[in-house]
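In what follows, a single structure is set out as structure tokens and then discussed.
The values are calculated or read from the model by the stated rules, or taken from the named source; none is laboratory data. Nothing here was measured: the structure is a model prediction, and the numbers come from that model. Note that we place each Cβ from the backbone using ideal geometry, even for glycine, and neighbour counts take in every protein chain shown.
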Ligand SMILES: C[S@@+](CC[C@H](N)C(=O)[O-])C[C@H]1O[C@@H](n2cnc3c(N)ncnc32)[C@H](O)[C@@H]1O
């Protein structure tokens, strides 16, 4: 078996300039698949960032040599972590005295922008993996002069599992996520017990997870996963019971006559 190293530019096309050389272990052949670490993150590449590109055999690099970071200047409105391979501190993400809300898969940022505009005393972070959408959100945030909203270009699950600090988030929104309707694609759905476990870690006690979808079967699936996880309290969420702007996809689905299904859960204030 040979040691391998992997040089990668993270975030191809995004201008992300994290270049790393990491010893990833050993391999039996040159046909290298995703490493265990990547599989754990539920993605093929680190952070789902289309890592990859070239594998190089160079005799192995020690762990102390791992992760050379090059600075990258983000777009206005974009949040670029100082480091993609360690947990962040809460004060890197938001102002210390402000509640932090996360919008996973924020799309074109309609919800994020409206929410941030309406509640300036809270801080908002959108997470979105598509560069075009991130650029659009950045433009919208900047044009609206919002100082309490930013967007992170990254894969949702990686962000929650590996980057966000424990007990840092007051509300986490997952709105109209891709439903992956085919049975063979169900494993790609975000709402799974492992993901709920990661959400529970980042939520503050009393923090909420809000999941909304037009897809009835995905909604039932989500409820089953929450019940199986059994660590959240279910809360009522009648429509219009509190301020909650419509998302871009929600408006599209509702215009087609579809209705939305809502699941609202809370991390208990005192854990058993
Ligand atoms: C169906 S759209 C919904 C967008 C927005 N929440 C809305 O309701 O208008 C799903 C969005 O999530 C993004 N997305 C899907 N899977 C993702 C993932 N694993 N990590 C980050 N973003 C993701 C997609 O690029 C897309 O913008």
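Among the residues in the stretch 245-253, are any away from the ligand (no atom under 13 Å from the Cβ), surrounded by fewer than 17 Cβ atoms within 10 Å (Cβ to Cβ) and at pLDDT 95 or above? Within the stretch 245-253, none of the residues are away from the ligand (no atom under 13 Å from the Cβ), surrounded by fewer than 17 Cβ atoms within 10 Å (Cβ to Cβ) and at pLDDT 95 or above. Please find, among 51, 66, the residue that is surrounded by 18 or more Cβ atoms within 10 Å (Cβ to Cβ), modelled with pLDDT under 95 and more than 15 Å from the chain's Cα centre (by Cα). Exactly one of 51, 66 is surrounded by 18 or more Cβ atoms within 10 Å (Cβ to Cβ), modelled with pLDDT under 95 and more than 15 Å from the chain's Cα centre (by Cα), namely 51. Selection of the stretch 247-272 for residues being assigned to a loop (DSSP other than H, G, I, E, B) and more than 19 Å from residue 209 (Cβ to Cβ) yields 256, 257, 258, 259.
Pick from the stretch 86-114 the residues that are in contact (Cβ under 8 Å) with a residue 12 or more places away in the chain, more than 8 Å from the ligand (Cβ to nearest atom) and assigned to a helix (DSSP H, G or I): which of them is nearest to residue 207 (Cα to Cα)? Going through the qualifying residues, I end up with 90.
Residue 227: surrounded by fewer than 17 Cβ atoms within 10 Å (Cβ to Cβ), within 15 Å of the ligand (Cβ to nearest atom) and assigned by TED's automatic domain parsing to the domain that holds residue 262, yes or no? Answer is no for this residue.
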